[in-house]
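A.B. asks: Got a structure here, written out as structure tokens. Questions coming.
Bear in mind that the values in this text are calculations on the coordinates, not laboratory data. Source: prediction; values computed, not measured. With ideal geometry, Cβ positions are generated from the backbone for all residues, glycine too; neighbour counts draw on all protein chains shown.
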Amino acid sequence: MKRKAAVVVVDDEQDLRENVAEYLAARGFTTHTAETGAAALEVIESERISAVVLDLVMPGMGGLDVLRQIKAIDPHIQVIMVTGKGSVQSAVEAMRAGAYDYVTKPVKLAELEPVVMRAAELTLLKRQNSAYRDVQARRGARLASEMIAQSPAMCKVLDMAGRYAMAEMPVLIEGETGTGKELIAEFIHANSGRKEAPLVVLDCGALSETLIDSELFGHEKGAFTGATDSRAGMLEVADGGTLFLDEIASIPMAVQTRLLRFLERGIFRRVGARAEKTVDARVIAASNRNLDHVMAEGKFRDDLYHRLAVLRVNIPPLRDRVEDIMPLAHAFLARLSDAGGQPMALSEDARETLLAYAWPGNVRELLHTIERAAFTARSQGAGEVQEHHLGLVLSPREDRPVATTLKGAGSRHVRTVLEQCEGNRKRAAEMLGISERHLYRLLQAELADEENPRQ
């Protein structure tokens, strides 16, 4: 172990406890000794103990009572009971009460050492898992605070993601670059039954065709040039948790076949391996490209698409949910202030420009714009962000006013979804979360507005 594990040896026999303590200290442990259970509890309350070697039969407080109090102080500490040959039944009772293991007297030090080592390692693992769960809980709280949605479209996305979280099926997240696909994947994982296990991210678009197979499935030593040792792939790393495959459309066809086999049967082989492996990992995939078009080009398997798209989330672009622009901008400014900067405000002309801009880079572009504008404003001694601090160039659009109406934004979103579905009204209605009849009425109302524009 990299750190010295601290062990308490508790026994009323002085020779026994000192011999055990000296033996373990010589092998890298930090040791403490205690003659009574009460003395042992004092050490445990004041030191970070990893394992306890505890005599079962002692005057005063017995070993079982000491065990229970140790678990009340710190349930992660592993306790090894020491018992006489005639007290094995009591040792079994101690195991039921939470003891890690037991050894019989006379204690064989060479046999005790590996037991103490494993117990200390288990304590460390349990503490790390507990810390990880705390981090995940804070992460979930952070995600909840970052999920800003006032537009009906984005509120629907979050509602859908929340409902999908507890399912075990794959999820396909679609949306333009910068819309927050990875954040939605984090949200789904953080609200799932797998939240205490890892969320592993693999950016498929950043890997070459030769690397992605090894990164996803792992490889054995000698499988290819440069494979000097065996290595687990991201699927194995995500065992028990969630694997997020970003830019799934970039995966080559050969790898798609292997991924489909895993999704259908839960098994795969490392590159260069003969034996199959089984892992329990939920897959969430994302794409900024329309997979229908990629399939039509013959670059994505139909069966893999249908396996991934069991549950589907479509994140609308920021230009189609203008109600979210100002809340996001204010939240980004507030976050900069929380990080140590002076509080900043947005001038009226800056707000109008933010609402008028088309945001081709979506939420990511908005974040970077606010960060840059706030830095520029502060460096010039300005108390608020002005339009010229934003550095945005508006493209003239004769058919769009500077600040669009909510109705206009809604109409654009409906048209965008309909285009993505290639005119398929049934599928578009499903993605919008409305009935096909409701969609028909919206289209008819839009057509009427176009034929009878306001004067």
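A.B. asks: Tally Lys and Arg at +1 and Asp and Glu at -1 over the other residues with C-beta under 11 Å from the C-beta of Leu216: what net charge comes out?
C.D. replies: -1
A.B. asks: To continue, here is another question. State which stretch of the chain is the longest one without any exposed trypsin sites (Lys or Arg not before Pro), exposure meaning a DSSP loop state and at most 15 other Cβ atoms within 10 Å.
C.D. replies: No qualifying site falls inside 275-396, the longest such stretch.
A.B. asks: Moving on. Using amide H atoms built in the peptide plane, which far-off residues or other-chain residues are under 5 Å from Ala6 H to H?
C.D. replies: Residues meeting the criterion, in which the H sits 1.01 Å from N, are Thr30, Ser50, Ala51.
A.B. asks: What translational diffusion coefficient, in µm²/s and rounded to a whole number, does the Stokes-Einstein relation yield for the chain at 10 °C and a viscosity of 1.306 mPa s, taking the hydrodynamic radius as the Kirkwood radius over Cα pairs?
C.D. replies: 59
A.B. asks: Another question, if that's okay. Kindly state, to the nearest 0.05, the FRET efficiency for Met253 paired with Asp349, given R0 = 45 Å and r defined as their beta-carbon distance.
C.D. replies: Taking R0 as 45 Å, the efficiency between Met253 and Asp349 is 0.30.
A.B. asks: Within 10 Å of each residue's Cβ, count the other Cβ atoms and sort Glu436, Glu113 from fewest upward.
C.D. replies: Glu436, Glu113
A.B. asks: Grab every C-alpha pair in the range 147-315, bin the distances at 10 angstrom width from 0 up to the longest one, and report whole percents.
C.D. replies: Reading upward from the zero bin: 10, 39, 35, 13, 2, 0.
A.B. asks: What's the local net charge at Glu18, with K and R +1, D and E -1, over the other residues with C-beta under 11 Å away?
C.D. replies: -4
A.B. asks: Something else now. In Å, what is the Rg of the alpha-carbon atoms in the range 6-128, and how long is Dmax?
C.D. replies: 12.7, 37
A.B. asks: Turning to a different aspect of this structure: For Arg312, list long-range residues whose amide hydrogen, built 1.01 Å from N in the peptide plane, is under 5 Å from its own amide hydrogen.
C.D. replies: Leu172
A.B. asks: Another one. First measure r as the distance between the Cβ atoms of Asp203 and Glu42, then evaluate 1/(1 + (r/R0)^6) with R0 = 45 Å and state the FRET efficiency to the nearest 0.05.
C.D. replies: So, using R0 = 45 Å, E works out to roughly 0.30.
A.B. asks: Further, regarding this structure: Along Cα→Cβ, 7 Å out, is where each label goes; now give me the distance between the ones at Met326 and His368 in nm to one decimal.
C.D. replies: In this crude label model, Met326 to His368 measures out at 2.6 nm.
A.B. asks: So what is the 222 nm mean residue ellipticity for the chain from helices alone, if each DSSP H run of at least 4 adds -39500 (n - 2.57) and you divide by all residues, rounding to the nearest 500 deg cm²/dmol?
C.D. replies: -15500 deg cm²/dmol
A.B. asks: Using alpha carbon centroids, what distance separates the range 196-210 and the range 294-316, in Å?
C.D. replies: That distance is 18 Å.
A.B. asks: Expressed in nm to one decimal, what extension gain is obtained for the pair Leu211 and Asn19 from 0.36 nm per residue of sequence separation less their Cα-Cα distance?
C.D. replies: 63.7 nm
A.B. asks: Let me ask you something else. Can you run phi through the Karplus equation (6.51, -1.76, 1.60; θ = phi - 60°) for the range 234-240 and list ³J(HN,Hα) in whole Hz, with x for Gly and Pro?
C.D. replies: Using θ = phi - 60°, the values come out as 5, 4, 5, 4, 8, 4, x Hz.
A.B. asks: Let me ask something else about it. Sequence-distant or interchain residues sharing an amide H contact under 5 Å with Phe244, placed H: which?
C.D. replies: Val200, Val201, Leu202, Ile284
A.B. asks: A further question on this structure: Can you give the charge dipole size of the chain about its Cα centre, rounded to the nearest 20 debye, using +1 on the beta carbon of Lys and Arg and -1 on the beta carbon of Asp and Glu?
C.D. replies: Roughly 740 debye for the chain.
A.B. asks: Can you tell me the length gained on complete extension of the stretch Ala334 to Glu419, counting 0.36 nm per residue apart and subtracting the Cα distance?
C.D. replies: Answer, rounded to one decimal: 27.0 nm.
A.B. asks: Name the lysines eligible as straight-distance cross-link partners of Lys4: C-alpha to C-alpha under 25 Å, and not fewer than 8 places from it in the same chain.
C.D. replies: Cross-link targets: Lys71, Lys108, Lys126.
A.B. asks: Further, regarding this structure: Are there GluC sites (Glu not before Pro) in the range 218-307 that DSSP marks as loop and that have at most 16 other Cβ atoms within 10 Å, and which are they?
C.D. replies: When the GluC sites (Glu not before Pro) of the range 218-307 are filtered for loop state and at most 16 Cβ neighbours within 10 Å, Glu276, Glu297 remain.
A.B. asks: Specify, per residue and in Å³, the volume enclosed by the convex hull of the alpha carbon atoms belonging to the range 237-334.
C.D. replies: It is 148 Å³ per residue.
A.B. asks: Using the count of nearby Cβ atoms within 10 Å as a rough guide to exposure, how do Met234, Met295 rank from fewest to most?
C.D. replies: Met295, Met234
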